[in-house]
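Have a look at the structure below, then the notes.
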Amino acid sequence: MAILGTLLKKGIMLRESLEQMYTSPFDLQKQELRNLLIHCQDTQFGKAYDFDKVLARFKGDKSQFYHSFTTQVPIFDYDKMYSEWWYLAKEGRRNVCWPGKIKYFALSSGTSGASSKYIPITKEMVKSIRKTSIRQILTMSKYDLPASLFSKGILMLGGSTNLKKSGHYFEGDLSGITAAQIPFWFQHFYKPGKKIAKTKDWHDKLEEIVKNAPNWDIGIIVGVPAWLQILMEAIVEKYQVDTIHDIWPNLQIFVHGGVSFEPYKRGFEKLLSRPLYYMETYLASEGFIAFQAYPNHKSMRLVLNNGIFYEFVPFTEANFDEEGRIRKNAKTLKIDEVEENKEYALLITTNAGAWRYMIGDVIKFTSVEESEIVITGRTKLFMSLCGEHLSLDNMNKAIELAEDELKIDIREFTLLGDRAGSLFAHHWYIGTDDDIDESILKDCIDGHLKILNDDYRVERTSALKEVKVSVLPANTFYKWMEAQGKVGSQNKFPRVLKKEKAQLWKNFLTDQNIQAS
């Protein structure tokens, strides 16, 4: 890592980074899809969908291969992919959607659904994640950082590396699977270290990290904002110091992903004596999709040449129903057909055996030329009871603006749809330990949303009759996560709760004797 620091200061880049810099996105993606098809043409999936016919079209004009691919291979969501194909690999069958046998399955947190999902992880996918991680590390040459930083520890707050053996495979959190296979040269810098990383109980792991914190010289922290904030608060309280920098004076970088950081930023920065560099990643259980390539950019660069082929579905009513399900004849686009500032649902084909897979995220291109994107929401995590079309991006921004305006720290929030007589209502549950009048907070959030979203403003004069706000202690949200078996690691509190999950939340509040207004 000290050598890496020297290389960073010299601006060294990997071949893959240079290749993406000097090759058109279309050419990179065409090559990526061809490689994936060639690799899998003799699998059960490849034979079922005639990959040889698709490959024959790569010699044709620019779009023949893609037309053949979309004609031969249908779009899959998780339920369809698992029930038709992945369950076979989970049973130990070989050569299902990827050559050989699948040894690992990542348990996804299941934000949009009712239960965890089993996502296949191949050795090729693990290798791709490592390569993309190094590509992101090497972008740090653009930051004003001392080479000595790269001799410091890197704290990665992830899932347990003590994976569960289930018959033919091991299962666990993706972060646990990858951390269990870290290269030998990285082990000296990796914290909390192998022993603590194996700890399955979140509270026990937290306690061990807090106990060892003064013994580590941490320069970089990696993880989901909510759980890292809880960890840092515990360290500050345990050692009766003012900020985390009193324990880790060389801490300079926070690498985060999985959820918008902006709602957490105010509370997070109270724990610091000086600003950190924030680096965003788009690392899903299905693959490492994008990372922040430049300082002070709020966008991330798609990784176009490392085992993933992307398709983009315009996120419109023509392509998706009111529940966020993709319609049968939805229009899909290649990387050379997208436009800036339009929302697209993401389909991915990967080197772990996902094919035209609806990952559930909605993105927007901020730069087509640079393949720079931002995540704006989820296909099923939006609120539109009566045509207000409230996106996750709208919600995060309204909460951020409310925090700034009212000078409060909102740790968590979620939104439920409700009835207001024969019309509709939004019910916000806000997690904060600050004193705030619910009616003032309601008017603040409502006012910002009327500015951010024209459809919302119109519906607030008609069908969307009422907005309710219930302020709860932040810990209420984490208790609910624990009750759902979703504490720590890569788990996030859902920003929108619908149907079964909404009822579970209401039942939980009742059981806790919490009266929501």
Checklist outcome for this item: Every listed condition ((1) over 20 Å from the mean Cα position of the chain (by Cα); (2) at pLDDT below 90; (3) open to solvent by 40 Å² or more (accessible area, probe 1.4 Å); (4) under 26 Å from residue 296 (Cα atoms)) holds for residue 185 save (4)
Checklist entry - Looking at segment 268-303, which of the residues that are more than 30 Å from residue 119 (Cα to Cα) and either among the polar types (S, T, N, Q) or open to solvent by less than 10 Å² (accessible area, probe 1.4 Å) (or both) is modelled with the highest pLDDT? => result 273
Next on the checklist: Quick check on my filter: what residues within segment 364-377 are part of a strand (DSSP E or B) and either at pLDDT 95 or above or open to solvent by 10 Å² or more (accessible area, probe 1.4 Å) (or both)?
Outcome noted: 364, 365, 366, 367, 372, 373, 374, 375
Next on the checklist: Let me spell it out: the conditions are (1) open to solvent by 50 Å² or more (accessible area, probe 1.4 Å); (2) modelled with pLDDT of 95 or more, and residue 74 meets all of them except one. Which number is the exception?
Outcome noted: (1)
Checklist entry - So which of 218, 244, 253 ends up being open to solvent by less than 20 Å² (accessible area, probe 1.4 Å), over 21 Å from the mean Cα position of the chain (by Cα) and more than 15 Å from residue 192 (Cβ to Cβ)? => result 244
Next on the checklist: Of all residues being among the polar types (S, T, N, Q) and in a loop (DSSP other than H, G, I, E, B) in segment 13-71, which is farthest from residue 373 (Cα to Cα)? Just the residue, please.
Outcome noted: 43
Checklist entry - So which of 393, 404, 409 ends up being part of a loop (DSSP other than H, G, I, E, B) and out of contact with any Phe, Trp or Tyr (no Cβ under 7 Å at 6 or more places or on another chain)? => result 409
Next on the checklist: Among the residues that make up segment 232-249, is at least one of them in contact with a strand residue (DSSP E or B) (Cβ under 7 Å, 6 or more places away or on another chain) and either in a helix (DSSP H, G or I) or at pLDDT below 95 (or both)?
Outcome noted: no
Next on the checklist: Exactly one condition in (1) within 30 Å of residue 50 (Cβ to Cβ); (2) open to solvent by less than 20 Å² (accessible area, probe 1.4 Å); (3) assigned to a loop (DSSP other than H, G, I, E, B) is false for residue 328; which is it?
Outcome noted: (2)
Next on the checklist: I'm checking my understanding of the structure. Among residues of segment 465-517 that are basic (Lys, Arg) and under 25 Å from the mean Cα position of the chain (by Cα), which one is most open to solvent (accessible area, probe 1.4 Å)?
Outcome noted: 499
Checklist entry - Is it the case that some residue within segment 127-148 is under 24 Å from residue 287 (Cα atoms), in contact (Cβ under 8 Å) with a residue 24 or more places away in the chain and outside any helix (DSSP H, G or I)? => result no
Checklist entry - Do you know which residues across segment 189-207 are open to solvent by less than 100 Å² (accessible area, probe 1.4 Å) and either on the phi > 0 side of the Ramachandran plot or in a loop (DSSP other than H, G, I, E, B) (or both)? => result 189, 192, 193, 199, 201
Next on the checklist: With the structure loaded, tell me whether residue 435 is in contact (Cβ under 8 Å) with a residue 40 or more places away in the chain and out of contact with any strand residue (DSSP E or B) (no Cβ under 7 Å at 6 or more places or on another chain) or whether it fails that test.
Outcome noted: no
Checklist entry - In segment 390-397, is there at least one residue being open to solvent by less than 10 Å² (accessible area, probe 1.4 Å) and modelled with pLDDT under 95? => result yes
Item to check | Residue in segment 435-442 that is buried (at least 20 other Cβ atoms within 10 Å of the Cβ) and farther than 30 Å from residue 285 by Cα present | outcome: yes
Next on the checklist: I'd like the residue in segment 1-12 that is in a helix (DSSP H, G or I) and more than 23 Å from residue 302 (Cα to Cα) and, out of all such residues, is modelled with the lowest pLDDT.
Outcome noted: 3
Checklist entry - Is segment 335-349 home to any residue that is in a strand (DSSP E or B), surrounded by fewer than 23 Cβ atoms within 10 Å (Cβ to Cβ), of a type in the set (Lys, Arg) and modelled with pLDDT of 95 or more? => result no
Next on the checklist: Checking the structure you have, find out if any residue of segment 275-291 is touching a His at 6+ places or on another chain (Cβ under 9 Å) and of a type in the set (S, T, N, Q).
Outcome noted: yes
Checklist entry - Within segment 154-169, which residues are within 23 Å of the chain's Cα centre (by Cα) and either part of a loop (DSSP other than H, G, I, E, B) or among the small types (Gly, Ala, Ser) (or both)? => result 157, 158, 159, 160, 161, 162, 163
Next on the checklist: Tell me yes or no: at least one residue of segment 412-422 is closer than 27 Å to residue 224 by Cα, crowded, with 19+ Cβ neighbours inside 10 Å, acidic (Asp, Glu) and in contact (Cβ under 8 Å) with a residue 60 or more places away in the chain.
Outcome noted: yes
Checklist outcome for this item: Residue set 431, 447, 421; condition modelled with pLDDT of 95 or more, of a type in the set (Gly, Ala, Ser) and out of contact with any helix residue (DSSP H, G or I) (no Cβ under 8 Å at 6 or more places or on another chain); output residue 447
Checklist outcome for this item: Scanning segment 443-464 for residues that are open to solvent by 40 Å² or more (accessible area, probe 1.4 Å) and either hydrophobic (A, V, I, L, M, F, W, C) or assigned to a loop (DSSP other than H, G, I, E, B) (or both), the one nearest to residue 507 (Cα to Cα) turns out to be 460
Checklist entry - Quick check: anything in segment 293-315 closer than 24 Å to residue 497 by Cβ, under 18 Å from the mean Cα position of the chain (by Cα) and not in a strand (DSSP E or B)? => result no
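The values are calculated or read from the model by the stated rules, or taken from the named source; none is laboratory data. The structure displayed is predicted, hence computed values, not measured ones. Cβ sites come from the backbone with ideal geometry, for glycine too, and all protein chains shown count toward neighbours. Keep in mind that these areas ignore ligands, DNA and RNA; they rest on the heavy atoms of the full protein, side chains included. Shrake-Rupley method; radii C 1.70, N 1.55, O 1.52, S 1.80 Å.
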